[in-house]
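Quick notes on the structure that follows.
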Amino acid sequence: MAHKSKAAAKKGAAKKAAAKPGPKASRKRLGRKLYERELRRLQVELAKLQYWVHREGLRVVVLFEGRDAAGKGGVIKRISERLNPRICRIVALGVPTEREKTQWYFQRYVAELPSAGEIVLLDRSWYNRAGVERVMGFCTEEEYHEFLRSAPEFERMLTRSGIILLKYWFSISEDEQERRLEKRIEDPTRRWKLSRIDLESRKRWDAYSRAKDEMFAHTDIRQAPWYVVDAEDKRRARLNCIRHLLDQIPYHDVRPEPMSLPPRPLHNEPPERPPYESQNLVPDHYADVL
């Protein structure tokens, strides 16, 4: 009798665990008003971080990886849009040239590393080799396994040199990816985001899952761990990622004091200028629009 009770209890516990919502469970998406208010607050903090990085001569690399349409570009845009492009730089390398294919694999990424006082945001990175190149057969087995051996050592070298390296993986469900890819097809302003490789990758969901798991097993190291962002809701993903990034780099508010505009000088004798209409004016198509 006791055996039956134990078995029943075990079965009930298993059923309860199965009913628990996982990280991809559907939930109400974050409201726009709250999102925009919090994003504004976090972007002010990013501005403070920017001044601190510049003043202290820090070198920061933040790389963003994940499946197609996972939202990497969106968070990169929200991080960088209020920052000085001379301090915060986005790097999104294309397909390697024939010359680059003959170089050491990490060589073209080394050229993009930050100098003192710079932040580099990598929209995809050297992990292309462990993801798309592995799944699509763009590299050999030998090149792939050499990457898994070399990447942790390369990243340890970066961190030993004083570079702050942060690695984010944006995770979405298969259904959510499908929905976003369909939106790209429907929206002519987003269609450029969809490539032949994206369509081919869509067929290989399980292969990408295995590649990601193997990549994490080899490269989730103490000096540069992977941080996984639940990206099912884009707004939540952006805010959570930015907050996490800010928490990883201790900083102080060293922004300069606000400036005030002095009075404009008076023009005693305004210079004689050619008529405004004599210039090549861009037509105002909206003159009569209220």
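The values are calculated or read from the model by the stated rules, or taken from the named source; none is laboratory data. None of these values were measured; they are calculated from a predicted model. FYI the Cβ positions are ideal-geometry reconstructions off the backbone, even for glycines, and counts take in every protein chain you see. Note: accessible area is taken over every heavy atom of the protein model, side chains too, but ligands, DNA and RNA are not part of it. Shrake-Rupley method; radii C 1.70, N 1.55, O 1.52, S 1.80 Å.
Remarks
- Number of the exception - CYS241 against (1) assigned to a loop (DSSP other than H, G, I, E, B); (2) surrounded by 10 or more Cβ atoms within 10 Å (Cβ to Cβ): (1)
- Strands (runs of 3 or more DSSP E) wholly inside the stretch 86-196 containing at least 2 residues that are of a type in the set (Phe, Trp, Tyr): 164-171
- Some residue of the stretch 184-192 being crowded, with 16+ Cβ neighbours inside 10 Å and at pLDDT 95 or above: no
- Selection over the stretch 125-169 of residues that are open to solvent by less than 50 Å² (accessible area, probe 1.4 Å), closer than 29 Å to ASP198 by Cβ and either of a type outside the set (D, E, K, R) or touching an Asp or Glu at 6+ places or on another chain (Cβ under 6 Å) (or both) gives a count of 21.
- Output for the stretch 68-89, where each listed residue is open to solvent by 70 Å² or more (accessible area, probe 1.4 Å) and touching a helix residue (DSSP H, G or I) at 6+ places or on another chain (Cβ under 6 Å): ARG82
Here is a yes/no grid of residues against (1) in contact with a Lys or Arg (Cβ under 9 Å, 6 or more places away or on another chain); (2) more than 25 Å from TRP104 (Cβ to Cβ); (3) without any contact (Cβ under 8 Å) to a residue 60 or more places away in the chain:
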| position | (1), (2), (3) |
| --- | --- |
| GLY162 | yes, no, no |
| LEU165 | no, no, no |
| GLU178 | yes, yes, yes |
| THR189 | no, yes, yes |
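- When restricted to residues that are in a helix (DSSP H, G or I), open to solvent by 10 Å² or more (accessible area, probe 1.4 Å) and closer than 22 Å to ARG37 by Cα, the stretch 201-238 contains 4.
- Selected residue (criterion: farthest from VAL229 (Cα to Cα)) from residues of the stretch 73-123 that are in contact (Cβ under 8 Å) with a residue 24 or more places away in the chain and among the acidic types (Asp, Glu): GLU118
- The stretch 96-140, residues that are among the charged types (D, E, K, R) and out of contact with any helix residue (DSSP H, G or I) (no Cβ under 8 Å at 6 or more places or on another chain): GLU98, ARG99, LYS101, GLU112
- LEU281 vs. criteria open to solvent by less than 90 Å² (accessible area, probe 1.4 Å) and under 30 Å from ALA69 (Cα atoms): no
- Flag for VAL60 being more than 30 Å from LEU181 (Cα to Cα), β-branched (Val, Ile, Thr), in a strand (DSSP E or B) and touching a Pro at 6+ places or on another chain (Cβ under 8 Å): yes
- Within the option set ASP253, ASP247, being at pLDDT 95 or above, among the charged types (D, E, K, R), under 30 Å from GLY31 (Cα atoms) and surrounded by fewer than 10 Cβ atoms within 10 Å (Cβ to Cβ) holds for one residue only, ASP247.
- Matching residues in the stretch 152-177 - criterion: being in contact with a Leu (Cβ under 8 Å, 6 or more places away or on another chain) and charged (D, E, K, R): GLU155, LYS167
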